[in-house]
Every structure is written in C-alpha cells, then in structure tokens.
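Contents: one structure, followed by commentary.
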Amino acid sequence: MTIEVLTLFPDMFSGFSESSMVARAIRKKALKLRMTDIRDFSIGKNRQVDDYPYGGFAGMVMKPEPIYDAVASVLTRGSAPVIYFTPQGRKLDQNIIKTYSEHKRIILLCGHYKEIDQRIRNMVVTDEISIGDYVLSGGELAAMVFIDSVSRLQKGVLSDLESAQSDSFYEDKLGFPCWTRPDVFMGSEVPSVLRNGNHKLINQFNEDSSKQLTKARRPDLIKE
Ligand code: 6GU
C-alpha cells in the first residue's frame, strides 16, 4: 500500500515513520509513505500558502492553488481517494480503517491553521475524517493516527493475525486486561485462572473481563 501525505509540516512525520510498527511496515515493504510538502507548490517569491478568510473571522485559511497542484501532482502517479482530516469530518473508527487498509493507494491531506478553502473540499476531497471531538492545530496528528492503524493491518506486519483479532474494537467490544510475569508484583497477584493452563477457562475469563469493561466504559458499543 502506498500512502501519499500532503502537508506543510513533513518533518512531523519523521520520528513517527522511523519507529515501531510503521517503520516495520515500511521495512517489510507492506507500506510506502511518500511525503509532499504543500509549500513546494506555493506561488510567488514569498511562498504564501494561506490568506485571510472572507467574512473576517479569526485565523487563516489555506489557499486553494498550492493544495490543488500538490494533489494533481500525486494523482499523476495513480488515482486514489483523497482523505482530508478535519474536526468537521465523520468520526474515525475501526471499520473505516479496515476499508481503507484494503486500498492500494490513498492520499491524505493535512490542513493547518483554521481550515482549507472550501473549493478544494468540493473539488478534490473524496472523504473527510475527524479523530474525535477535540481540536488539534492541524490534520498531521490525525493522519499519523490513521497511518499507524492502517499499516498494522497490512499483511505480514503483525507477527500473527491473533494479535489483531484480540484488539479492542475488532468485535465491537473493548480488549481485556493483560498480565505478565512476575506472578506477584508488590503484593498484587496475577489472577490464578490465567496461570493454570486451562485454555477454555482462560478464554472464558478474558471474554468476561472484556464484556464487563465494555459495559462499564463503553455501553454504546453493545448491540441489542
Ligand atoms: Cl482530523 N483535525 C483537527 N485539526 N482537529 C481534529 C481532528 C482533525 N480530529 C479531531 N480534532
């Protein structure tokens, strides 16, 4: 899978793409991350990419021309959906991640400052995504959330499929608490059922913990 990222702040992605799961996905050639600096498509000698909004409210708006040209330039390498990250988008969830993880190419557009010119959203954006009800300074962190989550679903990235299947939200419920050695830590013991080797009881215990946690914290996930 190739992910094209369009941003004014490509440096924000360097530590991220060189560590952990995303780095592994890239190393295993399951993922290709290509960064495009929108400022490279700016016009004029002062490389302007934003301007004052019509209507006079506070904040700056990203100009349409550099974004349009940047998108057009990555589209010459192959067609792809263009996802714009904005708090006004539909809320990201594991179903959206799963659907996009099956694409061969996607383009992620990160805005910064207040917003991008509406005409870009009308003309080139095919989907708008938010990662939750809070405000970020730009779409970059949201794009990283999206990339991390999509890349771990690529074939050959996780060590076994099991670990993705027991993840929270795989079946509309939260994951269960996890434990490891030592058996006793500062007087607190790992539940004995997990140590007796009876896999049927272990699965039952984890399933129950998962249901309890979901009921307490995320009753909205429980289907009738
Ligand atoms: Cl995608 N962008 C911004 N700027 N803020 C957000 C967001 C996205 N999702 C939640 N808050």
message: Can you say whether Val71 is in contact with a strand residue (DSSP E or B) (Cβ under 8 Å, 6 or more places away or on another chain) and in contact (Cβ under 8 Å) with a residue 60 or more places away in the chain, as far as the supplied structure shows?
response: yes
field: Filter result for the condition that a residue is open to solvent by 70 Å² or more (accessible area, probe 1.4 Å) and more than 18 Å from Ala142 (Cα to Cα), over Ile26, Ile43
entry: Ile43
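For the stretch 35-44, indicate whether the set of residues that are of a type in the set (A, V, I, L, M, F, W, C), in contact with a Pro (Cβ under 6 Å, 6 or more places away or on another chain) and assigned to a helix (DSSP H, G or I) is non-empty. Walk me through how you get there before you give the answer.
Kept after step one, since they are of a type in the set (A, V, I, L, M, F, W, C), are these residues of the stretch 35-44: 35, 38, 41, 43.
Filter once more, so that each one left must be in contact with a Pro (Cβ under 6 Å, 6 or more places away or on another chain): 35, 38, 41.
Adding the requirement that they be assigned to a helix (DSSP H, G or I) leaves 38, 41.
Yes, the stretch 35-44 has at least one match.
Let's see how each residue does on (1) within 16 Å of the ligand (Cβ to nearest atom); (2) in contact with an Asp or Glu (Cβ under 7 Å, 6 or more places away or on another chain); (3) modelled with pLDDT of 95 or more; (4) over 19 Å from Phe9 (Cβ atoms):
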{"site": "Ala58", "(1), (2), (3), (4)": "yes, no, no, yes"}
{"site": "Thr86", "(1), (2), (3), (4)": "yes, yes, yes, no"}
{"site": "Asp93", "(1), (2), (3), (4)": "yes, no, yes, yes"}
{"site": "Lys98", "(1), (2), (3), (4)": "no, no, yes, yes"}
{"site": "Ile107", "(1), (2), (3), (4)": "yes, yes, yes, no"}
{"site": "Cys110", "(1), (2), (3), (4)": "yes, yes, yes, no"}
{"site": "Ile120", "(1), (2), (3), (4)": "yes, no, yes, no"}
{"site": "Met123", "(1), (2), (3), (4)": "no, no, yes, yes"}
statement: The one condition Gly138 fails out of (1) within 11 Å of the ligand (Cβ to nearest atom); (2) open to solvent by less than 50 Å² (accessible area, probe 1.4 Å); (3) in contact with an Asp or Glu (Cβ under 8 Å, 6 or more places away or on another chain); (4) more than 28 Å from Lys28 (Cα to Cα) is (3)
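The values are calculated or read from the model by the stated rules, or taken from the named source; none is laboratory data. Model, not experiment: these values are computed from the prediction. As a convention, Cβ positions derive from the backbone with ideal geometry for all residues, glycine included, and neighbour counts pool all protein chains shown. Ligands, DNA and RNA are stripped out before the accessible areas are found, and what is left, the full protein with its side chains, is counted by its heavy atoms. Shrake-Rupley method; radii C 1.70, N 1.55, O 1.52, S 1.80 Å.
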